1. Which members of region 17-30 meet the condition of being surrounded by fewer than 20 Cβ atoms within 10 Å (Cβ to Cβ) and among the hydrophobic types (A, V, I, L, M, F, W, C)?
2. Sort out which residues of region 14-54 are within 23 Å of Lys110 (Cβ to Cβ), among the acidic types (Asp, Glu) and not in a helix (DSSP H, G or I), and write them in order of number.
3. I'm checking my understanding of the structure. Among residues of region 1-11 that are touching a residue at least 12 places away in the same chain (Cβ under 8 Å) and open to solvent by less than 70 Å² (accessible area, probe 1.4 Å), which one is nearest to Thr68 (Cα to Cα)?
4. What number of residues within region 83-105 are touching a residue at least 24 places away in the same chain (Cβ under 8 Å) and either open to solvent by 60 Å² or more (accessible area, probe 1.4 Å) or of a type in the set (A, V, I, L, M, F, W, C) (or both)?
5. Would you pick out the residues in region 55-82 that are part of a loop (DSSP other than H, G, I, E, B) and either touching a residue at least 24 places away in the same chain (Cβ under 8 Å) or not β-branched (Val, Ile, Thr) (or both)?
6. Out of Ala14, Ala53, Ala80, report the one residue that is at pLDDT 95 or above, on the phi < 0 side of the Ramachandran plot and crowded, with 19+ Cβ neighbours inside 10 Å.
7. Taking into account only those residues within region 1-47 that are hydroxyl-bearing (Ser, Thr, Tyr) and under 12 Å from the mean Cα position of the chain (by Cα), which is farthest from Gly82 (Cα to Cα)?
Amino acid sequence: MSRKTLQLRRDAQARWLTLDQFLGGYCHQDFEHEFGSVEKAIDAAVLDHDREARLQVAREWWDWNGATAADYDVREKVAALGVDVWFEAPHDARQFMNMVYDKLIVAIRKDQPGWRPGAQPAN
């Protein structure tokens, strides 16, 4: 592992630990054997996490996206989150992260209609 890659990994774990654990725990090197596809791995991750964990992952995803939005190629930064998925093109990595967010939002909004990151919880 290069020094740059190692530093990206450390930075990701320090800044987005819950997102890192969420993705790395399901999109690891054996995801195809265990889940069949990356989409099914994300589905399993969403189902296996409770409401509060999903909310935290979504908040961290939002922060991660804001930090990488200007980057054309986020493959290295997605890998820094513990994701061991081969993305052929930069667009594939961005689509993967968008799929993660979409699946989180659908699950969260089942309990909290209209939820969005940064919104204050209803009283």
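1. Here is the first cut: in region 17-30, the residues surrounded by fewer than 20 Cβ atoms within 10 Å (Cβ to Cβ) are 17-18, 21, 24-25, 28-30.
Within region 17-30, Leu17 is the sole residue that qualifies.
2. Listed by number, the list holds a single entry, Asp50.
3. The qualifying residue nearest to Thr68 (Cα to Cα) is Leu8.
4. Residues that pass the stated criteria total 9.
5. Quick first cut of region 55-82, residues part of a loop (DSSP other than H, G, I, E, B) only: 69-74, 80-82.
Ala69, Ala70, Asp71, Tyr72, Asp73, Ala80, Leu81, Gly82, listed by residue number.
6. Numbers: Ala14 fails: crowded, with 19+ Cβ neighbours inside 10 Å; Ala53 fails: crowded, with 19+ Cβ neighbours inside 10 Å.
Sole residue among the options that is at pLDDT 95 or above, on the phi < 0 side of the Ramachandran plot and crowded, with 19+ Cβ neighbours inside 10 Å: Ala80.
7. First pass over region 1-47, keeping only residues hydroxyl-bearing (Ser, Thr, Tyr): 2, 5, 18, 26, 37.
When the remaining residues are screened for being under 12 Å from the mean Cα position of the chain (by Cα), the result is 18, 26.
On the way: Thr18: 11, Tyr26: 9 Å.
Step by step, filter region 1-47, then rank; the result is Thr18.
The values are calculated or read from the model by the stated rules, or taken from the named source; none is laboratory data. Here the structure is a predicted model, which is why all the values come from computation and not from measurement. Cβ atoms come from the backbone with ideal geometry, glycine included; neighbour counts cover every protein chain shown. Remember, those area values only see protein heavy atoms, side chains included, never the ligands or the DNA or RNA. Shrake-Rupley method; radii C 1.70, N 1.55, O 1.52, S 1.80 Å.
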